Structures are given as structure tokens and as C-alpha cells.
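J.: Shown below is the structure under consideration.
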Amino acid sequence: MMNIAVAYFHYLLIMLMMGSLITEHILLKPKMDAERIKSLAITDLIYGISALLVLLTGLLRFFYFDKGTDYYLANPLFHIKLTLFLIAGLISIYPTIHFLRWRKMINIDTSFNPEPRMVKRFTMILRIELFIIALIPLLAVLINRGY
């Protein structure tokens with residue numbers, strides 16, 4: 001029963017992680033008011049927490065449930081899946097730092113608006129993250145089917 005619960009929470013957290021990234025993409029606009037910037041920072045925090053919890057539940061599944069560590073470690077697709085997850089996490093650091101800076105700036109100057117080129121850059125980064133994270137469940141299915 002615990003196996004089912006951990007797997008279920010793992011899947012829910014993946015959906016929360018994707019939902020928060022999609023929300024960030026929607027919130028990120030060339031012209032943003034203070035509320036939108038604060039919402040962006042909070043949504044990014046939700047993304048970060050959900051990503052950590054996805055990793056935690058994934059590690060629980062890796063070590064204690066499912067097919068066992070030997071099965072996963074012998075599968076090259078598992079290594080690709082883990083690498084993609086780490087890449088998505090690493091590239092998310094850059095926008096996160098700026099979203100936090102923007103939140104501080106908006107508290108100092110309510111007329112602050114991020115540079116359009118930065119918004120465009122972060123929009124592209126979010127799209128790359130969404131693409132990478134969308135590949136991970138496909139790899140999980142292939143791994144669990146024995147590929």
C-alpha cells in the first residue's frame with residue numbers, strides 16, 4: 001500500500017511542478033505590475049518545492065519500492081531521465097535568482113518593470129524546462145516497460 005501512496009504523490013507532485021511552470025510562463029509578460037511579479041516569485045517557489053519533493057519521492061521509489069536499484073542503475077534510460085531532471089533544475093536557478101531580485105526591486109520601486117529582453121530570455125528558458133520535464137514521464141514509461 002505504501003508503494004501506491006508514494007507513487008501517487010510522486011505523480012501529483014509532477015503535475016504540480018508542471019502546473020507551476022506553466023503558470024510562470026503565463027505570468028511572465030513584458031509589462032508586469034507588482035502583483036504579477038510577486039505571484040511569479042511565489043509560483044517559482046512552488047515549482048522549486050514541488051521539484052524537491054518529486055526528487056524525494058523518486059528517491060523513495062528508487063531505493064525502497066518498484067523494481068529496485070539494480071534494475072534502474074542498469075538502465076541507460078534511467079540515467080538520461082535523471083540527467084534531464086538535473087538539467088531542468090539547474091537551468092531553473094537563473095530565472096529564480098532574477099525573479100527574487102525583481103520581487104525585491106518592486107518593494108523598493110513600485111514602477112519597476114523588468115527589461116523586455118530578460119523577460120524574453122526567461123520565457124525561452126521556461127519553455128526549455130517544460131520540454132525537458134515533459135520528456136521525463138515518457139522515459140519513465142519506457143523504463144518501466146523494460147526498454
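Read the figures in this text as sums done on the coordinates, not as results from a lab. These numbers were taken from a predicted model, which means no experiment stands behind them. Heads up, the Cβs are rebuilt from the backbone with ideal geometry, glycines too, and the neighbour counts pull from every protein chain shown.
J.: Collect the residues in the stretch 2-43 that are under 15 Å from Leu126 (Cβ atoms), surrounded by fewer than 19 Cβ atoms within 10 Å (Cβ to Cβ) and of a type in the set (Val, Ile, Thr), keeping them in residue-number order.
T.: Hits for the stretch 2-43 are Ile22, Thr23, Ile26.
J.: When you look at Thr83, is it under 25 Å from Met124 (Cα atoms) and either exposed (fewer than 13 other Cβ atoms within 10 Å of the Cβ) or in contact with a Phe, Trp or Tyr (Cβ under 8 Å, 6 or more places away or on another chain) (or both), yes or no?
T.: Considered against the rule, which asks whether it is under 25 Å from Met124 (Cα atoms) and either exposed (fewer than 13 other Cβ atoms within 10 Å of the Cβ) or in contact with a Phe, Trp or Tyr (Cβ under 8 Å, 6 or more places away or on another chain) (or both), Thr83 comes out as yes.
J.: Given the options Thr57, Thr69, name the one that is touching a His at 6+ places or on another chain (Cβ under 7 Å), farther than 17 Å from Ile125 by Cα and of a type outside the set (Lys, Arg).
T.: Thr57
J.: Which ones in the stretch 18-56 are under 21 Å from Ile108 (Cβ atoms) and small (Gly, Ala, Ser)?
T.: Hits for the stretch 18-56 are Ala34, Ser39, Ala41.
J.: For the list (1) free of Cβ contacts under 8 Å to residues at least 12 places away in the same chain; (2) among the charged types (D, E, K, R); (3) farther than 30 Å from Ala34 by Cα, I need the number of the one condition that Asp66 fails.
T.: Answer for Asp66: the failing condition is (1).
J.: Give me a count of the residues in the stretch 114-146 that are outside any helix (DSSP H, G or I) and surrounded by fewer than 17 Cβ atoms within 10 Å (Cβ to Cβ).
T.: Step one: of the stretch 114-146, the residues outside any helix (DSSP H, G or I) are 114-115, 145-146.
Next cut, surrounded by fewer than 17 Cβ atoms within 10 Å (Cβ to Cβ) only: 115, 145-146.
Total meeting the criteria: 3.
J.: Right, another one. From the residues in the stretch 44-66 that are within 11 Å of the chain's Cα centre (by Cα) and crowded, with 20+ Cβ neighbours inside 10 Å, which one is nearest to His10 (Cα to Cα)? Write out each step before concluding.
T.: Let us first name the residues in the stretch 44-66 that are within 11 Å of the chain's Cα centre (by Cα), namely 44-55.
Next cut, crowded, with 20+ Cβ neighbours inside 10 Å only: 44, 47, 50-51, 54.
Details: Asp44: 19, Tyr47: 14, Ser50: 10, Ala51: 10, Val54: 6 Å.
Looking at residues that are within 11 Å of the chain's Cα centre (by Cα) and crowded, with 20+ Cβ neighbours inside 10 Å, I get Val54.
J.: Filter the stretch 92-113 for residues that are more than 16 Å from Ile22 (Cα to Cα) and among the hydrophobic types (A, V, I, L, M, F, W, C); which is surrounded by the fewest Cβ atoms within 10 Å (Cβ to Cβ)? Steps first, answer last, please.
T.: Restricting attention to the stretch 92-113, the residues satisfying the condition of being more than 16 Å from Ile22 (Cα to Cα) are 93-94, 97-98, 100-113.
Of the ones still in play, those that are also among the hydrophobic types (A, V, I, L, M, F, W, C) are 93, 97, 100, 102, 105-106, 108, 112.
Details: Ile93: 10, Ile97: 11, Leu100: 14, Trp102: 23, Met105: 17, Ile106: 21, Ile108: 7, Phe112: 17.
In this case the residue turns out to be Ile108.
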